[in-house]
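See structure below.
The values are calculated or read from the model by the stated rules, or taken from the named source; none is laboratory data. All values derive from a computational prediction rather than experimental measurement. Note: ideal-geometry Cβ built from the backbone for every residue, glycine included; neighbour counts use all protein chains shown.
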Amino acid sequence: MNAQWFFVINPVSGKGKGLKAWQQIKPLLDANGINYAFAISAYHKHTIALVAEKYQTGTRHFLGIGGDGTLNELLNGILRAAGHSFANDCTFGLLPVGTGNDWVRSQPEKLTTGNIIQKLKNEKATLYDVGVVTSESFAEKHYFLNVAGAGLDGSVVQEIERLAASGRKGKVAYVRGLIQALFTFNAPISLVHSGQTELFNGAALVITVAKGQYFGGGMHISPNALPANGLLDITIVEKTLKRKIFPQLPKLFSGKLDTVSFVRKNQSRELEIIADAALPIQADGEWVGEAKAVSFQVLPKVIKVLT
């Protein structure tokens, strides 16, 4: 238990719950002799820089207090500093205080202010797969631990950022963003293949790849996704009439999308999309960029997650 843990606190996550949680946890860390350092993120993506800097100075244990965005920034900070071939000597975790908290919905037990000290003392961790998004349109790789995608969900992330600026977050904001995007998103023709296998060729509203089961504030889009099976769980939603889509929206939350006629499900280690127009791309609910060609790949058992 001599390893130093580096805590990064998102002060705006959960409308200030991150700072409140830290005020509860810090005295417990001191009382139990936990070796730690901490920083409070000051702006979007600040956590990436904070974590990368600590990695370079030898820190290998990281814990975020925030939501899915904090989790994604922690992950990218570690992997961009370490390279995925060297990240498996790192352990990280998340105490969820965000509005969506989608990643933790797939976890056997979430970290809380009540159990975190015991978990830090035990240092029990499990190797997890990591997904990676690459494109010639992006300056660098973008890593994800939960769900990434191209198309409508990327457009929704852009709309969510606008709604978040006005204080609307979580499930309600995602549904509002989804409905708005359904009326404004123009689905390009996309060729989707895995290796030599063509999975789809046509207009697709949504193409997601998942290691976690939930996204969008509780949408159970990938109930068969597993964190360490070496596969991406793929969901492709074909463009169809809106009058056919709206009655099926409740299945986003029930985990029954595989029963919908215009939804295709697959699993694979990799996926490539080539579209006739730029697709908006998101990873763990974070905006990545736009690209006509984008690849998704799973990196098996790359990083240890505190469990």
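Does Asp89 satisfy the condition of being among the charged types (D, E, K, R), modelled with pLDDT under 95 and either touching a His at 6+ places or on another chain (Cβ under 6 Å) or buried (at least 22 other Cβ atoms within 10 Å of the Cβ) (or both)?
no
Is one or more of the residues making up region 135-157 in a loop (DSSP other than H, G, I, E, B), under 16 Å from the mean Cα position of the chain (by Cα) and of a type outside the set (D, E, K, R)?
Checking region 135-157: at least one residue is in a loop (DSSP other than H, G, I, E, B), under 16 Å from the mean Cα position of the chain (by Cα) and of a type outside the set (D, E, K, R).
State whether the residues of region 11-32 include one that is in a loop (DSSP other than H, G, I, E, B), in contact with a strand residue (DSSP E or B) (Cβ under 8 Å, 6 or more places away or on another chain) and among the polar types (S, T, N, Q).
no
Give the number of residues within region 191-222 that are surrounded by 24 or more Cβ atoms within 10 Å (Cβ to Cβ), out of contact with any Phe, Trp or Tyr (no Cβ under 6 Å at 6 or more places or on another chain) and small (Gly, Ala, Ser).
The total comes to 3.
If I ask for residues that are outside any helix (DSSP H, G or I) and among the hydrophobic types (A, V, I, L, M, F, W, C), which ones from region 73-125 would you list?
Phe86, Cys90, Phe92, Leu94, Leu95, Val97, Leu111, Ala125
Filter region 33-57 for residues that are aromatic (Phe, Trp, Tyr) and part of a loop (DSSP other than H, G, I, E, B) and give the result.
Correct list: Tyr43 only.
Looking only at region 20-52, how many residues end up being charged (D, E, K, R) and closer than 20 Å to Phe144 by Cα?
Going through region 20-52 one residue at a time, the tally reaches 1.
When you go through Ile245, Ile221, Ile234 one by one, which is the residue that is within 22 Å of Phe200 (Cβ to Cβ), in contact with a strand residue (DSSP E or B) (Cβ under 9 Å, 6 or more places away or on another chain) and in a loop (DSSP other than H, G, I, E, B)?
Only one candidate passes the filter, namely Ile221.
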